[in-house]
Amino acid sequence: MRILFVADVFGAPGRRAVETRLTSLREELGADFCIVNGENAAAGRGITPKIANSLLAAGADVITLGNWTWGQAGFAPYLSGTDRVLRPANLSPRTPGVGMTIQKGVAVINLLGIFSLTPYENPFLAADRLVEEARRSTPIVVVDFHAEATSEKVAFPRYLDGRVTAVLGTHTHVQTNDARILAGGTAA
């Protein structure tokens, strides 16, 4: 299975790029599944139901969020009614929405890093629980690790190596060229 991940869609220019190019890009790359991080899609601060629906209609199978999940007023009820738009799983369990979904045989987990983002639960502990749950249904597990610190983004895939298909980092809004396959087979 070929998975396309589009990170950090930012504001109107990012949305336009996804809305106009995602369908043809999926076709061009032969992507069977697409994850889009949309936490900055509403002018750099969260996402709205209208934007989420537009990104899903453009070809995203799942949208992940991050520290700006609650950046737009009135978004919480939308999360209560969908399993295709994920808030970080390690936010309080009392918050609306889900942090993991399985769509088309792919488990997607959305987690928030610790450094300067203060999630409710440690992402390493949350990952242990969620990865085990996901692997009962599918061997394909992709994690969007929305984190600030490079050290966390290096440690997290190493921690999950051999247990997940890929750990992909979002949040810092700068492109990196450090993609690698770890010893246990996890893409990072």
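The values are calculated or read from the model by the stated rules, or taken from the named source; none is laboratory data. Note that the structure is a prediction, hence the values are computed from the model and not measured. Neighbour counts are summed over all protein chains in view; Cβ atoms, including those assigned to glycine, are modelled from backbone coordinates with ideal geometry. Each accessible area value is taken on the protein alone, full model and side chains, heavy atoms only, with ligands, DNA and RNA left out. Shrake-Rupley method; radii C 1.70, N 1.55, O 1.52, S 1.80 Å.
Among the residues of the stretch 47-77, how many are among the aromatic types (Phe, Trp, Tyr) and touching a strand residue (DSSP E or B) at 6+ places or on another chain (Cβ under 7 Å)?
Counting residues in the stretch 47-77 that are among the aromatic types (Phe, Trp, Tyr) and touching a strand residue (DSSP E or B) at 6+ places or on another chain (Cβ under 7 Å) gives 1.
Starting from residues that are open to solvent by 20 Å² or more (accessible area, probe 1.4 Å) and not polar (S, T, N, Q), keep the ones in the stretch 136-148 and report whichever is farthest from Phe33 (Cα to Cα).
The selected residue is Glu148.
Within the stretch 1-50, count every residue that is touching a Gly at 6+ places or on another chain (Cβ under 7 Å) and among the β-branched types (Val, Ile, Thr).
3
Please determine, by comparing only the residues of the stretch 84-135 that are open to solvent by 50 Å² or more (accessible area, probe 1.4 Å), among the aliphatic types (A, V, I, L, M) and within 17 Å of Ala155 (Cα to Cα), which one is modelled with the highest pLDDT.
Leu125
Just to check your reading of the model, which residue among Gly14, Gly46, Gly59, Gly71 is closer than 25 Å to Ala179 by Cβ, among the small types (Gly, Ala, Ser) and part of a loop (DSSP other than H, G, I, E, B)?
Residue meeting the stated conditions: Gly59.
Every residue, every condition in (1) in contact (Cβ under 8 Å) with a residue 12 or more places away in the chain; (2) assigned to a loop (DSSP other than H, G, I, E, B); (3) within 20 Å of Thr95 (Cβ to Cβ), yes or no:
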{"position": "Ser116", "(1), (2), (3)": "yes, yes, yes"}
{"position": "Ala127", "(1), (2), (3)": "yes, no, yes"}
{"position": "Leu130", "(1), (2), (3)": "yes, no, yes"}
{"position": "Glu133", "(1), (2), (3)": "yes, no, yes"}
{"position": "Thr138", "(1), (2), (3)": "yes, yes, no"}
{"position": "Val142", "(1), (2), (3)": "yes, no, no"}
{"position": "Glu152", "(1), (2), (3)": "yes, no, no"}
{"position": "Phe156", "(1), (2), (3)": "yes, no, no"}
{"position": "Val164", "(1), (2), (3)": "yes, yes, no"}
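Which of the residues spanning the stretch 1-44 are closer than 12 Å to Gly59 by Cβ, among the polar types (S, T, N, Q) and open to solvent by less than 70 Å² (accessible area, probe 1.4 Å)?
Matches in the stretch 1-44: Ser24 only.
It is to be established whether one or more residues within the stretch 75-98 are in a loop (DSSP other than H, G, I, E, B), small (Gly, Ala, Ser) and in contact (Cβ under 8 Å) with a residue 60 or more places away in the chain.
no
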